[in-house]
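The structure under discussion appears below in the form of structure tokens.
The values are calculated or read from the model by the stated rules, or taken from the named source; none is laboratory data. Since the model is a prediction, treat every value here as computed from it, not as a measurement. As a convention, Cβ positions derive from the backbone with ideal geometry for all residues, glycine included, and neighbour counts pool all protein chains shown. Just the protein is used for accessible areas: all its heavy atoms, side chains included, with ligands, DNA and RNA removed. Shrake-Rupley method; radii C 1.70, N 1.55, O 1.52, S 1.80 Å.
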Amino acid sequence: MTIKKVKSILFFLLGAISLLIGIAGTVLPVLPGGPFYLFAAFCFAKSSKSIENWFKSTSLYEKYVEAFLQKKGMTRREKIRINLIADFFIVISVFYVDILLVKILLVVLALYKHYYFIKKIKTIDRNGTEKRAF
């Protein structure tokens, strides 16, 4: 088995796992599915052209990946939802970790995440036009 074949199989497995987590994220309100669909698209593109074409033909790709790539931003609702979910897990981690340095790093990570979502990712309305404020 060649290295190229092993890489192809590995990317396919990573893509399949990411796709399953993304589907769970679509159903479960606590898990954002979009980032997992983006990662699945990347992995499928690296695994083989036929798998990439299959994934691009699914409604999941059209709704989550293609919409994000075309709009080049997120709606305010998407940003708030993702931030609240991430903040929930960060706060839980801060309470359960006993190491002060890790707690500080988690808080810094949360603050940077908010900065990134507010300043770096464009806020768009549902029609895809850019808005100014978060």
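For the reader, a short list of remarks on this structure follows.
- Prolate/oblate/rounded label for segment 76-119 (Cα gyration tensor, a/c 1.5): oblate
- Square roots of 5 times each gyration tensor eigenvalue, C-alpha, segment 33-123, largest first, Å: 31, 17, 11
- In this view, the solvent-accessible surface of residue 91, computed with a 1.4 Å probe and all protein chains in place, comes to about 70 Å².
- Once the gyration tensor of the Cα atoms in segment 1-65 is diagonalised, the equivalent ellipsoid follows with semi-axes of 23, 13, 7 Å, ordered largest first.
- A helix-only calculation puts the chain at -21500 deg cm²/dmol for mean residue ellipticity at 222 nm, using -39500 (n - 2.57) for each DSSP H run of at least four residues, averaged over all residues.
- Across the accessible surface of the chain, with the other protein chains kept in place and a 1.4 Å probe, carbon and sulfur atoms take up 69 percent.
- Mean separation of Cα contacts under 8 Å (6+ apart) over length of the chain, as relative contact order %: 19 percent
- The residues of the chain expose, per residue, 71 Å² of accessible area to a 1.4 Å probe.
- The modelled label-to-label distance for the pair residue 91/residue 63, using points 7 Å beyond Cα in the direction of Cβ, is 2.8 nm.
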